[in-house]
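Following: one structure in structure tokens, then a few remarks.
Quick note: the coordinates plus some simple rules give every number you see, no bench work behind them. From a predicted model like this one, the values you see are computed outputs, not experimental measurements. Cβ atoms come from the backbone with ideal geometry, glycine included; neighbour counts cover every protein chain shown.
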Amino acid sequence: MTTQPAPAGAAAAARRAWFELEPGARARLLSEISHLAVAGTSASRTPCGGTDAAILDSPAARCDRAMIVMADLLRTASVPRRRTMRCAQVVVDSGFPLERAVVSVAAALIVGETVTLGFVGGLDRASAAYVRSLAALLPGRVLRVRFGDRLVSGGYDRVSWLSPSCCAESSPFDLRILDQITSTSLPTSVLGGTSDLAVR
């Protein structure tokens, strides 16, 4: 007779399985999870079940496209794998493009870090639902999302502060790769407007 693992044991097993994946496999799984997170947000559906231009250019949809580009890029790229588990904190200031922040978080998750993602300013309801769904669909404590955390707290191996005017990031990825991912997933009109990547 077999017994079902306790919830805490199941969560630990899911986390262990996540960290045992190769980086490329984590990137592909994140892309699939992102697609589910977009589909699950109430604002991503029109009453008749279709989509319109505003939805296709929503922050969550742009995040999803960036995740797809990232997964495709990492099919051939060599990504270092962490030998020990590290934890990172990513603090996102008001006005910073959500898709660029999500790509930074995905880069950390792909190499095997756990992430606490804090938003200083508010997000629209659909964007907040998207990032909460990402966290909920990943194994417990792999990604935590907080709102209103203005101060950087201690106890992390790595901290990134993402702001429209100054981007203090120490990503485990080459930052040029992250810029390439977001630039290929955004329409030209967005890249030329106020949602441009932060100036370093």
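Using a basic spin-label model with each label point 7 Å from the Cα along Cα→Cβ, how many nm lie between residue 136 and residue 12?
Result: 2.6 nm between the two label points.
If you take the beta carbon distance between residue 144 and residue 94 as r and set R0 to 30 Å, what does 1/(1 + (r/R0)^6) give as a FRET efficiency, to the nearest 0.05? Before the final figure, lay out each step's value.
On the way: r = 20 Å, r/R0 = 0.66.
Computed FRET efficiency for residue 144 and residue 94: 0.90.
Amide H to amide H, which residues 5 or more places from residue 147 or on other chains are under 5 Å from it, using H placed in the peptide plane?
Hits under the 5 Å cutoff: 119.
Modelled label-to-label distance, residue 22 and residue 165, 7 Å Cα→beta-carbon offset: nm?
For residue 22 paired with residue 165, the spin-label model returns 4.5 nm.
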